[in-house]
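Below: one structure, written as structure tokens.
Quick note: the coordinates plus some simple rules give every number you see, no bench work behind them. All of these numbers come straight from a predicted model, not from anything done at the bench. A quick note on method: Cβ atoms are made from the backbone with ideal geometry, for glycine too, and the neighbour counts reach across all protein chains shown.
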Amino acid sequence: MKKQIIVVGAVIVKDNKILCAQRPADKNLPLKWEFPGGKVERGESKETALIRELKEEMDCTIEVIEPIETTAYEYDFGIVELTTFYVNIVDGEIKRLEHNALKWVERQEIHTLDWAPADIPAIKKIQSDV
């Protein structure tokens, strides 16, 4: 049976642009685009995991506003359950500590990037949330 991997992603909106993050070349799904975030550890809530991951990956403090979408997607390495949340940055500047690239993309253009498949349902929802 495939491993279940619970992950969370942060949707950060600024001036109707969304922060998109490109995965490192040496990880699963190399160079695919994703929302910043990561794995939920045992005993952690999804919101707590997202706050911790953004501190680790981007050295900023966020507040979680509301969930957007939860999607399960079966990859060759396991089944990923991704929950995305709208978040606000409350402290610090975003730094690129782990990703290959970060870029702000117009809300209506985010679907044009080469996304990790688990992120795609959230993208459709975000584009309809205008």
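Of the residues I65, T83, L29, the one whose Cα sits farthest towards the positive end of the charge dipole of the range 4-128 is L29 (charges of +1 on Lys and Arg Cβ, -1 on Asp and Glu Cβ, taken about the Cα centre). Within the range 28-94, list the chymotrypsin sites (Phe, Trp or Tyr not before Pro) lying in a DSSP loop whose Cβ has at most 15 other Cβ atoms in a 10 Å radius. For chymotrypsin sites (Phe, Trp or Tyr not before Pro) across the range 28-94 that sit outside H, G, I, E and B with at most 15 neighbouring Cβ atoms in 10 Å, the list reads F77. Summing +1 for each Lys or Arg and -1 for each Asp or Glu among the other residues whose beta-carbon sits under 11 angstrom from that of D15 gives +2.
In a simple Cβ point-charge model (Lys, Arg +1; Asp, Glu -1; nothing else charged), the chain has a dipole of about 220 debye relative to its Cα centre.
Beta-bridge orientation, the range 4-128: approximately 70 percent antiparallel, per DSSP, counting only bridges with both partners inside.
Near V64: Cβ cut-off under 10 Å, other residues only, Lys/Arg at +1 and Asp/Glu at -1. The net charge is -2.
Helix-only arithmetic for the chain: the sum of -39500 (n - 2.57) across DSSP H runs with n ≥ 4, divided by the residue total, places the mean residue ellipticity at 222 nm at -5000 deg cm²/dmol.
Report the semi-axes of the equivalent ellipsoid for the range 28-92 in whole Å, largest first, where each axis is √(5λ) for an eigenvalue λ of the Cα gyration tensor. Please report the intermediate quantities before stating the final value.
Numbers: eigenvalues 89, 37, 27 Å².
For the range 28-92, the ellipsoid semi-axes come out as 21, 14, 12 Å.
Looking at the chain, identify the longest residue range that excludes and avoids all trypsin sites (Lys or Arg not before Pro) in DSSP loops having at most 10 other Cβ atoms within 10 Å. After excluding every exposed loop site, the longest remaining stretch is 43-130.
Here the Karplus relation 6.51 cos²θ - 1.76 cosθ + 1.60, evaluated at θ = phi - 60°, turns the backbone of the range 65-82 into coupling constants of 8, 7, x, 10, 7, 10, 10, 10, 9, 8, 9, 5, 8, x, 9, 9, 9, 10 Hz, with x for every Gly and Pro. Normalised size of the range 1-64, defined as Cα radius of gyration per 2.2 N^0.38 Å with N residues, equals 1.18. Taking the inverse of the mean 1/r over every pair of distinct Cα atoms in the chain gives a Kirkwood hydrodynamic radius of 14.6 Å. Remark: spin-label model distance Q108-I65 equals 2.0 nm, labels positioned 7 Å along the Cα→Cβ axis. Comparing L54, V13, P117 along the charge dipole axis of the chain, the residue lying farthest to the positive side is P117, per the Cβ-charge model.
Once you list every other residue whose beta carbon is under 9 Å from the beta carbon of W115, what net charge do they have if Lys and Arg are +1 and Asp and Glu are -1? Write out the running numbers ahead of the final one.
Numbers: positive: K32; negative: E34, D114, D119.
Computed value for this residue: -2.
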